[in-house]
1. Quick check on my filter: what residues within region 28-50 are in contact with a helix residue (DSSP H, G or I) (Cβ under 7 Å, 6 or more places away or on another chain) and without any contact (Cβ under 8 Å) to a residue 60 or more places away in the chain?
2. Restricting to region 7-52, give me the number of residues that are of a type in the set (Lys, Arg), part of a loop (DSSP other than H, G, I, E, B) and closer than 30 Å to Asp277 by Cα.
3. Filter region 13-25 down to residues that are surrounded by fewer than 23 Cβ atoms within 10 Å (Cβ to Cβ) and either of a type in the set (Gly, Ala, Ser) or farther than 22 Å from Cys174 by Cβ (or both) and give me whichever is modelled with the lowest pLDDT.
4. Filter region 103-118 down to residues that are small (Gly, Ala, Ser) and under 23 Å from the mean Cα position of the chain (by Cα) and give me whichever is nearest to Val150 (Cα to Cα).
5. In region 201-220, what residues are open to solvent by less than 70 Å² (accessible area, probe 1.4 Å) and within 24 Å of Leu5 (Cα to Cα)?
6. What are the residue pairs meeting all of these: first residue in region 287-305, first residue surrounded by 14 or more Cβ atoms within 10 Å (Cβ to Cβ), second residue of a type in the set (Lys, Arg), Cβ atoms under 6 Å, and 6 or more apart or on different chains?
7. Quick one: which residue in Ala233, Ala144 is within 16 Å of Pro110 (Cβ to Cβ), touching a Gly at 6+ places or on another chain (Cβ under 8 Å) and open to solvent by less than 10 Å² (accessible area, probe 1.4 Å)?
8. So is Arg10 at pLDDT 95 or above and surrounded by fewer than 23 Cβ atoms within 10 Å (Cβ to Cβ) or not?
Amino acid sequence: MKSVLIGERRIGPGEPAYIIAEAGVNHKGSLDAARRLIDEAKQAGADAIKFQTYKAEKLVTRAAPRYWEDAEASGTQYAIFKQSDTFGEAEYRVLFEHARAAGITWLSTPFDLDAVAFLDDLGMPAFKIASADLTNVPLLEACARTGKPVILSTGASMLDEVHASVDVLRRAGCEDLILLYCVLSYPTRDEDANLRRMVRLQQEFPDVPVGFSDHTIPDDCVIVPSAAAALGAAVIEKHFTLDRTLPGDDHYLSVDPGQLATLVRNCRTIAAALGNDQFAVQPSEEAARTYARRSIVAAVTIPAGTVITPDMLIMKRPGTGISPVEVDRLTGRAAAVDIPEDTTITWEMVELSS
């Protein structure tokens, strides 16, 4: 598998999961809130903070119906997106610089070609493409032509569609690609997460790092995305808010700063615990290997010259004498010296010649 470099962080084999705090438009048009999201994501230990760059007029028709729950009266996607598209180039430049100063990678998902061009000029180090744009060939090609890494979500898609989109990206010049398994429902029920499909996606694309974009409602342990990390997710993207009780369609399925810190901590612990697949005795096990394993011990006093029989022996700790695996080699030999009861037997105590 080819690893991918975003900023100074390598993503792929042997690396801990790359954590993206998906702030989206949870700032609701407030620069102060957006700055706080950046600062809190950095404080929690996330690798990147991600926003969304769109204008409602370029994203959706005015009549397109919603497919998620929201109290907005018109029932249209346009009305919801229009509420959250107030940031323009000036605001995104401010946020990009704020993230740079804070020391966290800043990303934003483009939803139109103008956004791709602006974010590329801004110096954004990678492009994230939303699941709903997996078939948006012009957008795929525009992101690929930047020459920067592309992270493609694959929610609500079939494998042949993912293959087709990857082919589009490759033909347009994308060399560094990450795929995210995703369930495109808000929220995603735990039983619909089907994390084994992420493993299947990795098998289908063995040369590409695969991760997980999560839409489940988080518990205090943030268990679902953490489980994805345990299954090998190279990237974890989780929606992020300052306050899960805020009104709107995204806040309640997002993690708050404390939960984001828990997710990061879980993923780092999991990465350390997964380790490597080399089956060998570790340095930390050496003492237990020596002192918790058993040796052949005299169950009774064995006088010199006595032929040793099984009933004279017992297996006891520590493992500093003859191993129990050699009991058949030991029995039938004569004791070379007096061997007191409860003595750990060594080869020096027995006659080795027949």
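The values are calculated or read from the model by the stated rules, or taken from the named source; none is laboratory data. Everything quoted here is computed from the prediction, not taken from an experiment. All Cβ positions, glycine included, derive from the backbone under ideal geometry; neighbour counts span all protein chains shown. Side chains included, ligands, DNA and RNA excluded: accessible areas come from the protein's heavy atoms. Shrake-Rupley method; radii C 1.70, N 1.55, O 1.52, S 1.80 Å.
1. none
2. Total satisfying the criteria: 0.
3. Restricting to residues being surrounded by fewer than 23 Cβ atoms within 10 Å (Cβ to Cβ) and either of a type in the set (Gly, Ala, Ser) or farther than 22 Å from Cys174 by Cβ (or both), the top hit is Gly14.
4. In the first step, residues of region 103-118 are kept if they are small (Gly, Ala, Ser); the result is 103, 108, 115, 117.
Now drop any that are not under 23 Å from the mean Cα position of the chain (by Cα), which leaves 103, 108.
Working: Gly103: 21, Ser108: 12 Å.
Among those residues, the one meeting the criterion is Ser108.
5. Leu201, Gln202, Glu204, Phe205, Val208, Pro209, Val210, Gly211, Phe212, Ser213, Asp214
6. Arg294/Lys316; Arg294/Arg317; Val297/Lys316
7. Unique residue meeting the criteria: Ala144.
8. yes
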